[in-house]
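Asker: Below is a structure I'd like to ask you about.
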Amino acid sequence: MNLVRSIATIGGFTMGSRIFGFVREILMARFLGASIVADAFVLALKFPSIFRKILAEGAFNAAFVPMISGILATKGKEEARQFAEEILMVLLVILVGLVFVVEIFMPEILAVVAHGFSKTPERFELAVQFTRITFPFIFFMSLTALYSGILNSLDKFAAVASSPMVGNIVIIAVVYLLTGFGLTTHGYAFSFGVLACGLVQFAWVLIPTFKNHIVLHFSRPHFTPRVKKFFKLLMPALAGSGVVQISLLLDLLIATFLPAGGVSFIHYADRLVQLPISILGTAVGTALLPLLSKQIRAQEYEKAEQSQNLALEYSLLLTFPAMIGLILLAKPLIHVLFEHGHFSSYATVQTAYVLMALSTGLPAYILIKVFSSTFFARENTFIPFIAAAIGIMTNLILALCLVRPYGHVGIGIATAVSSWINVGFLVYKLQQRKHFNLNKRIKHFIPRMLIASGLTWIALFALRSLVEPLLQGARSDKILALIYLVGGGIISFIAFAQLTGALNLIEAKKKFRKAKLGEEG
């Protein structure tokens, strides 16, 4: 239950982050719409984010967290601090060099990454200017990842989980501050907000590490045996994370050839899909990796198997109803959340189509994190790399085949299908190594969860027909209709899950109480 409590803590803070993230996206839709300025800012936001997910999240965590967790468990906090210090100095050299080179050659780099923008010179020039402002974000977020890894290895999840929420609040505040005083336009204001977001998030996790008596000092970089081992683990993870981000980069490159607004349609749809991915996927991955690492290091293989099955169960329990909701409610969600200001009804329809396509892969996006964590905990970063490589090739082939007949929707379909193929390969390799075994509990759970999901689909479809008149009314009526739909969908699934036996609320409540009493004792 400690895993479940950790997932709940991280998921709760991540939900707060996504709420403020939606406020940010609503502001973006209102002020920028689906225009050339919006397309340019989306590129400026995604470009450093791709590097962040390679350096600051996926690969770095996959190599760093198991190592520092193991050092903590066997040699203590001081040895772990020294290891983190060694990694910090090497990381600083890499980051300073990366930011310096990219800032200088930004026009040449974006001429390749966003080649389609060259057909509209104004959009390309804005993209260069915005991205030069946002790119140093990667420097601060990579350092944030280092200190977050330290805190996670100490089972201190709150500061790490809440830092993105604080970052989104900073972006909103900067946009209102700069535009409210007439200091700059909205496109530039959002770009400066992203830069400020990175700086504040770094400070947010730096302070708690000091409070936990871990202070990293500056010294000359040294390739110690531990650092060499770290990079040995990092390279396959970097390649694995890299191919995923290359896939996203190729999607972005393909999207730049779409008419103005195509990049924005994909972006707004992706933001909605990222809500359950971030809340559950980030929570599961963050809580599961250090736990599995410690259990495997202690040779508690049965407990590790139970942890994996429990993470799988809760992932499926939450992602299937979320997938149903996003598919059935795609248009009402986009209409109520984004359609105002510069965001047109045409943009609503096109974004909804992309959202439905992306949502079909929602469970796969989460399961990749669960199954990859099992390999990472065993210090095996090669298999996730192969799985990601297969995924990127599938995604690229499908995107190129589907973009001409289906446009931006085709890119969404390609992303979903390739993610399921990635999951299939990971499961096959886990079974091959006998690291994947469904216990009786989850075998009992899966068919009941599928039945509950099917019943929820029927109930939500009927509810959508009932509230359709409200969606045609005033804005207050539309918001009320959306509350009815989302709330009704959640209540329906909980009721059906309880009825079919997929969820036992009384048992879950007792376990949470027992876990809480155990911690207090």
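None of the figures in this text is laboratory data; all of them are computed from the coordinates on show. Because the structure is a prediction, the values reported are computed rather than measured. Using ideal geometry, Cβ is built from the backbone for each residue, glycine included, and neighbour counts are taken over all protein chains shown.
Asker: Quick check on segment 372-464: take the gyration tensor over C-alpha atoms, sort the square-rooted eigenvalues as a ≥ b ≥ c, and tell me if it's rounded (a/c under 1.5), prolate or oblate.
Answerer: oblate
Asker: Only residues of segment 457-485 count here: report those whose backbone N is under 16 Å from the spot 7 Å along Cα→Cβ of ARG30, or say none.
Answerer: Answer for this model: 475-476, 479.
Asker: Which aspartates and glutamates, on any chain, are close to LYS46 with Cα under 13 Å apart, when same-chain ones fewer than 8 places away are left out?
Answerer: Result set, ordered by chain and number: ASP251, ASP270.
Asker: Right, here's the next one. Determine the calculated [θ] at 222 nm for the chain from helices alone, applying -39500 (n - 2.57) to every DSSP H run no shorter than 4 residues and normalising by the residue count; nearest 500 deg cm²/dmol.
Answerer: Counting only the DSSP helices, I get -28500 deg cm²/dmol.
Asker: Can you compute the modelled spin-label distance between SER345 and VAL93, with each label point 7 Å from Cα toward Cβ, in nm?
Answerer: Distance between the two pseudo-spin positions: 6.1 nm.
Asker: Roughly how many whole Å is it from the C-alpha centroid of segment 164-240 to that of segment 116-131?
Answerer: Here the two parts' Cα centres lie 26 Å apart.
Asker: Further, regarding this structure: I want the local charge near PHE117. Using Cβ-Cβ distances under 14 Å, sum +1 for each Lys or Arg and -1 for each Asp or Glu among the other residues.
Answerer: -1
Asker: Using the structure shown, select from LYS229/LYS369; LYS75/LYS229; LYS77/LYS294; LYS53/LYS369; LYS294/LYS443; LYS303/LYS440 the pairs with a Cα to Cα distance greater than 19 angstrom.
Answerer: In this structure, LYS229/LYS369; LYS294/LYS443 lie more than 19 Å apart at Cα.
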